[in-house]
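The values are calculated or read from the model by the stated rules, or taken from the named source; none is laboratory data. Everything numeric in this text was worked out from a predicted model, so none of it was measured. Counting neighbours? That spans all protein chains shown, and the Cβs are built from the backbone with ideal geometry, glycine included.
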Amino acid sequence: MEDSDEKGPTPPVPGVGYRNPPVEHRFKPGQSGNPKGRPKKRSALASKASKKKTLEILREEAQRYVWVTEGGKRSQIEYARVLFRQMGAAAAKDAQMARLLMKLIMEAEATSKDPPQLDLSQLSDGELEELIRIQNKMQL
């Protein structure tokens, strides 16, 4: 006794096999194979927020005080000052670093509200000679 309402095994559909799925499993017209699609890129707003947060952290770290020893004397100075002193020492040996440091100084002076005050009379003879040596290195 077979009941006509009961579904039995479906007869094999011709053309079903490799790269040819059964009709009920094929994509419907207008439907893609990836309905959720590719994830959207991060918005520019998110990257601006990330950049803002990074700059905030950088600013905080630059203002942090660290211990340094100069001439046998320990003192606390801002980390940004330490970095610029290290850049100055590197600039004395490397013309490319000297150009970078001069560019940073010029940008800082351009954005400063106060006019640049460069008083060479306060420099010692050795410091003046070093400044001239660096300037000559930069021109090479």
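Observations, loosely collected:
- The stretch 95-140, subset outside any helix (DSSP H, G or I) and farther than 22 Å from Ala80 by Cα, residue modelled with the lowest pLDDT: Leu140
- Any hit, the stretch 60-78, residues being of a type in the set (Phe, Trp, Tyr) and in a strand (DSSP E or B): yes
- Residue within the stretch 47-57 that is surrounded by fewer than 11 Cβ atoms within 10 Å (Cβ to Cβ) and not in a helix (DSSP H, G or I) present: no
- Against the conditions (1) at pLDDT below 80; (2) of a type in the set (D, E, K, R); (3) under 24 Å from the mean Cα position of the chain (by Cα), Arg81 satisfies every one except (1).
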